[in-house]
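First, the structure itself, so that you have it in front of you.
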Amino acid sequence: MISLKKMRVRGVQPGDLAQVIEIDAGITGLRKPEYWGEILGRYGSGRRRQRFFLVAEADRRIEGFAIAEVRDWEYGMPPCGWVFAIGVRPDARLEGVGTRLLEAIGEGFRRLGVTKVRTILARDNHLILSFFRSQGMMAAPFIALEKDLE
Amino acid sequence: MRLQKNTLAALCSVLEFAANPGLQLSAAEIAAKYRISPHHLAKVLRSLGRAGLLESVRGVGGGYRFTGNAKRLTLMDVIGLFENISAARRGGRRPARREGAPARPAAAEVEEALAVVLSEIDEIARATFSTITLDTMLKLMARRRR
Ligand SMILES: CC(C)(COP(=O)(O)OP(=O)(O)OC[C@H]1O[C@@H](n2cnc3c(N)ncnc32)[C@H](O)[C@@H]1OP(=O)(O)O)[C@@H](O)C(=O)NCCC(=O)NCCS
């Protein structure tokens, strides 16, 4: 059981990356060190005001991470905050870590004057859908479409 | 999409229980609050009992107690007891036509294409109902009240 009091949400640091890679590999089943190196370069602390790569740390252990960005006029929408990824260590789940990460992202968005947060999720990933819905998120007025190119 | 009367009565009941954890409620109380016929509601509550969401309490002032977990029980868990919202229900892919086989009747072609469209709608409905827990639903109602 982790103590939420001891937990701190902060910007990622290069030394955190190994643990983030491990958490992601636990969720997706794939280790992607190169990909995460690139994400650190693009979203890492303080590079761009509009980009967030946050980690939740308790007792020097990284329990979870979240990546988000404010995007302007994407798909013709006024500036809004997108959450691209969120992941919590399996043994630290259901203790509010995900909620804290999302709250921190929301505060970051609000500081930039953004009042809408969006995400896109796999329809069959009920765990993450239930999580975002528990945070008050509802279907956005968009439909994601795709096709196989012949 | 419209839900049947039974489903609506079941949802009102479980939400009433979930909003009052630990409380024992009688069919008559719920029927009066939600203006559902008591006879009709009694049947719905028995179904919820059989599904393990409620347990009946016997004796004077008897009624039902909620035994589900509002943070894990989803709208789908309740709706699925009364309606058939199955993603697989309407088939989907067109069977490959064999060389030389007669063309399929025109209506079958329309129906098959329509089945693809309808199953898309079903899948979205399922994903929605399956990821809204009773707890999330109560929060949604509280927000709308504000
Ligand atoms: C989704 C995830 C981030 C949630 O993190 P968490 O730290 O467990 O979340 P919290 O403890 O803050 O939970 C908040 C709420 O989410 C909902 N929730 C979380 N896990 C749930 C579950 N297993 N079932 C139903 N609801 C759940 C609950 O409403 C919970 O509130 P409660 O604790 O009051 O019941 C975490 O489970 C995870 O990393 N899952 C894998 C993510 C994934 O698949 N990523 C791939 C795509 S990016």
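Mind checking which of A:Leu127, A:Val83, A:Ile23 is farthest towards the positive end of region A:8-134's charge dipole, using Cβ charges of +1 (Lys, Arg) and -1 (Asp, Glu) about the Cα centre?
Most positive-ward Cα: A:Val83.
Follow-up question, since we're still on this one. Relative contact order for chain B: what is it in percent, counting Cα pairs under 8 Å that are at least 6 residues apart?
About 27 percent, as a whole number.
Let me ask something else about it. Let me know the Rg and Dmax you get for region A:8-134 when you use only its Cα atoms, in Å.
Cα radius of gyration and Dmax of region A:8-134 are 14.1, 43 Å respectively.
Could I ask something else about it? Normalised by the number of residues in chain A, what is the relative contact order in percent for Cα pairs under 8 Å and 6+ residues apart?
20 percent
Which of the listed residues, B:Ala31, B:Leu8, B:Ile79, is farthest toward the dipole's positive end in chain B, when Lys, Arg count +1 and Asp, Glu count -1 at the beta-carbon?
Result: B:Ala31.
Can I ask one more? Angle between the Cα long axis of helix B:106-129 and the longest principal axis of chain B, 0 to 90 degrees, nearest 10?
30 degrees
Regarding chain B, what are the three Cα extents along the principal axes, ordered largest first, in Å?
Cα extents, longest axis first: 74, 34, 24 Å.
Would you mind working out the accessible area per residue for region A:8-134, using a 1.4 Å probe, and quoting it in Å²?
Each residue of region A:8-134 exposes 54 Å² on average to a 1.4 Å probe.
Another question, then. Compute, for region A:19-84, the length of the dipole vector about the Cα centre, with Cβ point charges of +1 (Lys, Arg) and -1 (Asp, Glu) only. Units Debye, rounded to 20.
Values: 10 positive and 10 negative charges, 43 e Å.
My answer is approximately 200 debye.
Continuing with the same structure: Compute the helix-to-body angle for B:5-19: its Cα long axis versus the longest principal axis of chain B, expressed 0 to 90° and rounded to tens.
50 degrees
Put +1 on the Cβ of each Lys and Arg and -1 on the Cβ of each Asp and Glu in the protein assembly as shown; which of A:Phe142, A:Ile39, B:Gly63 then has its Cα farthest toward the positive end of the dipole?
It is B:Gly63, whose Cα lies furthest towards the positive end.
At a 1.4 Å probe, what is the % contribution of carbon and sulfur to the accessible area of region A:8-134?
The value for region A:8-134 is 51 percent carbon and sulfur by accessible area.
Relative to the Cα centre, what is the charge dipole magnitude of the protein assembly as shown, using +1 at the beta carbon of each Lys and Arg, -1 at the beta carbon of each Asp and Glu, and rounding to the nearest 20 debye?
Value, rounded to 20: 980 debye.
Roughly what % of Cα-Cα distances in the protein assembly as shown sit above 37 Å, to the whole percent?
For the protein assembly as shown, the share of Cα pairs beyond 37 Å comes to 34 percent.
Where does region A:73-150 land on Rg/Rh, using Cα atoms and the Kirkwood Rh?
Here Rg/Rh amounts to 1.00.
Heavy-atom accessible surface, probe 1.4 Å, ligands and DNA/RNA ignored: which residues of region B:106-135 lose at least 50 Å² versus the isolated chain?
Residues of region B:106-135 that lose at least 50 Å² of accessible area once the other chains are added: B:Thr131.
Also, quick follow-up: About its Cα centre, how strong a charge dipole does region A:8-134 have in debye, to the nearest 20, once Lys and Arg get +1 and Asp and Glu get -1 at the Cβ?
Here the size comes out at about 380 debye.
Related question: Return the value, in Å² to the nearest 100, of accessible area buried between chains B and A (probe 1.4 Å, both sides summed). Provide the component values of the computation, followed by the final result.
Working: alone 9850 and 9880 Å², together 18720 Å².
Interface area, both chains combined: 1000 Å², rounded to the nearest 100.
The values are calculated or read from the model by the stated rules, or taken from the named source; none is laboratory data. Because the structure is a prediction, the values reported are computed rather than measured. Backbone-built Cβ (ideal geometry, glycine too); neighbour counts: all protein chains shown. Side chains are part of the model used for accessible areas, which takes the heavy atoms of the whole protein and leaves out ligands, DNA and RNA. Shrake-Rupley method; radii C 1.70, N 1.55, O 1.52, S 1.80 Å.
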